[in-house]
Amino acid sequence: VIGLKENSNGKTGVVWVRATGYNQQDEEVLTYVRWVMVNKKDAGHPAPETVTPELAAAVPPSKLPRPEWAASGYDFVLAGSPFGYEDYSVGEKIDHVDAFTEEEAEHHIATRLYQNTAKVHFNQHAQAQTPRGRRLIYGGVAISLARSLAFNGLANAAEIIAINAGNHVNPLFAGDTVFAWSEVLEKTDLGDGVGALRLRLVATKNLPCHDFPYRDADGKYLPDVILDFDYWAAIPSRA
């Protein structure tokens, strides 16, 4: 636990946690920070002192892991795209063009595979009593859909090596059609023919992305935007 902050209602609070994962050789393979809202056991009990951790906006290039594959044998023809690390520019935006309509049974099965059991995704009888009146598609499904669409334009940037941030901006429901676009935020050379692109992946529902929809003039997300995902992806160089 690296941070604590009581919410204004006095009944809940935010807990920041750093989690670390190890493999069977006791080698660190993953570390990340998340924050969750937790109920107070006793709403009348004084809250602990607020501690808000200082977190970087993104994983710095110096901390990025280099993938263990060799770029020298990479076949751009078999990969289905001729574009390598040197073909992308910071500030470039890519409309991924394709779209995917998610149906009720599909998101139900996918959410089970993610081992998520929240009733908001499964129990239509209960969700029919809520203002939205239907089951909500799990955010992990939205990320997966957007990433699969990003293949069109980023086919060779296939391996995520770090996740910087992400927002599930608006709800997604069965029958909605997902579109996506990406922006290159940063580039760095990882050496030996491999580079990394820092990418913003934005997904929308029922809205094509030819004009790159994102935020309004006041900086608020548009109602059709469902995902804002910031990550680093490894990509081979053509050279």
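Quick notes on this structure:
- The residues of segment 97-123 that are assigned to a helix (DSSP H, G or I) and either open to solvent by less than 70 Å² (accessible area, probe 1.4 Å) or among the charged types (D, E, K, R) (or both), listed by number, are Glu104, Ala105, Glu106, His107, His108, Ala110, Thr111, Arg112, Lys119, Val120, His121, Phe122.
- Matching residues, segment 126-174, being closer than 14 Å to Glu104 by Cα, more than 18 Å from the chain's Cα centre (by Cα) and open to solvent by 40 Å² or more (accessible area, probe 1.4 Å): Arg134
- Residue within segment 206-218 that is of a type in the set (Phe, Trp, Tyr), over 16 Å from Ser144 (Cβ atoms) and outside any strand (DSSP E or B) present: yes
- Members of segment 107-133 found to be in contact (Cβ under 8 Å) with a residue 24 or more places away in the chain and among the charged types (D, E, K, R), listed by number: Arg132
Quick grid of which residues meet (1) part of a loop (DSSP other than H, G, I, E, B); (2) touching a helix residue (DSSP H, G or I) at 6+ places or on another chain (Cβ under 9 Å); (3) within 20 Å of Leu197 (Cβ to Cβ); (4) open to solvent by 70 Å² or more (accessible area, probe 1.4 Å):
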residue: Asp26; (1), (2), (3), (4): yes, no, no, yes
residue: Val29; (1), (2), (3), (4): no, no, no, yes
residue: Val33; (1), (2), (3), (4): no, no, no, no
residue: Val36; (1), (2), (3), (4): no, no, no, no
residue: Pro46; (1), (2), (3), (4): yes, no, no, yes
residue: Ala57; (1), (2), (3), (4): yes, no, yes, yes
residue: Leu78; (1), (2), (3), (4): no, no, no, yes
residue: Pro82; (1), (2), (3), (4): yes, yes, yes, yes
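- Every pair of residues 6+ apart whose Cβ atoms lie under 7 Å, when the first sits in segment 77-100 and is at negative phi while the second is charged (D, E, K, R) and open to solvent by 80 Å² or more (accessible area, probe 1.4 Å): Gly84/Arg238; Glu86/Arg238
The values are calculated or read from the model by the stated rules, or taken from the named source; none is laboratory data. Quantities reported herein were computed from a predicted structural model and do not represent experimental measurements. When we count neighbours, we look across all protein chains shown, and the Cβ atoms used for this are built from the backbone with ideal geometry, even at glycine. The area values use the complete protein model at the heavy-atom level, side chains included, leaving out ligands, DNA and RNA. Shrake-Rupley method; radii C 1.70, N 1.55, O 1.52, S 1.80 Å.
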